[in-house]
Amino acid sequence: MNVHHHLVDPLDLVSPDGARVDQRVFCDTDLYERELDTVFRRCWLLLGHESQLPEPGSFVRTSMGEDPVLLTRDRDGRLHAHLNICRHRGTELCRVDRGSATTFECSYHGWIYRNDGRLVGVPGRKTLYYDELDTGDWGLAPVAELDTYKGLIFATFDPDAPPLVDYLGNAAWYLDIILDRRAGGTELLGVQKWRIPTNWKVVSENHCGDEYHVGFAHRSNFAELADPAHSVPMAREIRPEVGHGFGVFLFPEGTRLEQTVGPESPPALRAYLGEIHDEVVERLGPERARMGLVHGCVFPNFGMVPVFNSLRICQPRGVGEVEMWSFALVDRDAPAEVKRVLRATALKTFGPAGSFEQDDGGNWSDVTRMSRSARRHRVSLNLTMGLGHEAAAPGGRGEIGLTASDINQRGFYRRWRDEVTR
């Protein structure tokens, strides 16, 4: 018997303003495959950071959606990104997460590739292939475009994608707050990887904007924030571009960097912030120098919690599973003790066993599990908080909402709707 499978239309799942979302966006397998072919094929995706490839020969194994990618730096210092798939029989070429190598040899049949992607060795090329194999045609498959922004490395499979700086738009102005406050730039420390049984969009929408959950999901740390009357008055949700979103602290004028951390902070950290204050003001200007990024997301899956120095990539691993990759982002020229403190803070809060990460992971898993209810097609989710009350952000760089607002979630799903239907 032939069973007719009804394809879900994304236009029926998200309202044009992004304020109504059907639960099926989190569990429909065909829709997920469509996302891989639209969102994760056309958008700029974060691969890593230049500090992970410090010298010629460095490489990092990463992902773009579910596609395995090998990120390398060749002998001339140029960056390359190729599918990490041998062109002979399709096995994974490099199985090491990070290291240094000038060539990569496939473990299956010994084909050898240089770190710029060229095929340079084929066992039996003269005798078994009769010297008829053109190795120039069988190098590793490259991404369409590769670019960097203030140390971050991005790539896309779309040869017609807009330039990275245009894709980031106003989000770049806010990213500079954490990426460009010192002349020496930043670096990533370590990586922790773990899996959560949830859909990738549940994670990304939380990263882009959800101050509302803090006093409830993280009640053990912030019980007072469960009462809207105690919302942090200087925090705002900012939507720099539709799809991207940040939570931002707006500290009073004249606030020094060392005053943006609590009195319980380690003395070494407070002293360091005091030392770099003037440099930060000079590089960012007084307006951005008094801004602190709390959380954020660059569409589709580049997340961050800068208030705890956590930079994250939410890697989709199926319709109902993600692999979280979490790093500690620090100033490259910070003292070793400060780096140690910041890395420990990131681990304790948003590492795989972090106090906040455990709270969030449980809720994310629950949202995805509930989306598989047999009656899910009758349930729409409400993202109307603050709808119609958006205002221009400071300096006209995007739009702004109150601390508790769905402005960024609406932007995220509007962008998602456009990407999967164009």
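For segment 186-332, what does the relative contact order come out to in percent, with C-alpha contacts under 8 Å and a separation of six or more?
37 percent
I need to check one value: relative contact order of segment 84-131, counting alpha carbon pairs closer than 8 Å and at least 6 residues apart, in percent.
22 percent
Stretch N221-E287 to full length: gain in nm at 0.36 nm per residue minus the Cα-Cα span?
20.8 nm
If the chain between E66 and R118 were fully stretched, how many nm would it gain, using 0.36 nm times the residue separation less the Cα-Cα distance?
16.4 nm
For a bin width of 5 Å, list the pair-distance distribution of segment 1-97 built from all Cα-Cα distances, rounded to whole %.
For segment 1-97, the binned pair fractions read 2, 11, 15, 15, 15, 11, 9, 10, 7, 4, 1, 0, 0 percent.
Share of the chain's accessible area from carbon and sulfur, percent, 1.4 Å?
It is 50 percent, rounded to a whole number.
In Å², what does the accessible area per residue of segment 116-224 work out to with a 1.4 Å probe?
Normalised by residue count, the accessible surface of segment 116-224 is 45 Å².
Among the Cys residues of the chain, which have no other cysteine Cβ under 4.7 angstrom away?
C27, C43, C94, C314, each lacking another Cys Cβ under 4.7 Å.
Express in whole angstrom the spacing between the alpha-carbon centres of segment 343-422 and segment 275-337.
Each part's Cα centre sits 17 Å from the other's.
D for segment 61-146, whole µm²/s, Stokes-Einstein with Kirkwood Rh over alpha-carbon pairs at 10 °C and 1.306 mPa s: what number?
120 µm²/s
Relative contact order for segment 301-413: what percent, with Cα pairs under 8 Å and sequence separation of 6 or more?
14 percent
I'd like the FRET efficiency for E337 and D166, computed as 1/(1 + (r/R0)^6) with the beta carbon distance as r and R0 of 35 Å, rounded to 0.05.
0.30
Can you report the principal axis dimensions of segment 352-422 using only the alpha carbons, biggest first, rounded to whole angstrom?
43, 35, 23
Where in segment 4-44 does the label zone of R378 land, with the point 7 angstrom along Cα→C-beta and an amide N cut-off under 19 Å?
Taking a point 7 Å out along Cα→Cβ of R378, the residues of segment 4-44 whose backbone N falls under 19 Å are 13, 21-25.
In whole angstrom, and with the biggest value first, how far do the Cα coordinates of segment 148-294 range along each principal axis?
49, 39, 30
Could you tell me the extents of segment 268-333's C-alpha atoms along the three principal axes, largest first, rounded to whole Å?
47, 26, 16
Only four residue types carry charge here, +1 at the Cβ of Lys and Arg and -1 at the Cβ of Asp and Glu. Report the dipole size of the chain about the Cα centre in Debye, rounded to the nearest 20.
760 debye
Helix 336-350 versus the longest principal axis of the chain: what angle, 0 to 90°, nearest 10, using Cα atoms?
It is inclined by approximately 80 degrees.
Determine which lysines satisfy two conditions relative to K150: a Cα distance under 23 Å, and not lying fewer than 8 residues away in the same chain.
Counting by Cα, and skipping residues close in sequence, K150 has these lysines nearby: K339.
Using a cut-off of 13 Å between beta-carbons, work out the net charge of the residues near L387 (Lys and Arg +1, Asp and Glu -1, L387 not included).
-1
What is the projected area of the convex hull of the Cα atoms of the chain, averaged over all directions, in nm²?
About 23.8 nm², averaged over all directions.
The values are calculated or read from the model by the stated rules, or taken from the named source; none is laboratory data. Worth saying up front: this structure is predicted, and the values here are computed from it rather than measured. Because the Cβ atoms are built from the backbone with ideal geometry, glycine has one as well, and the counts that use them run over all protein chains shown. Accessible surface areas use protein heavy atoms only, side chains included; no ligands, DNA or RNA. Shrake-Rupley method; radii C 1.70, N 1.55, O 1.52, S 1.80 Å.
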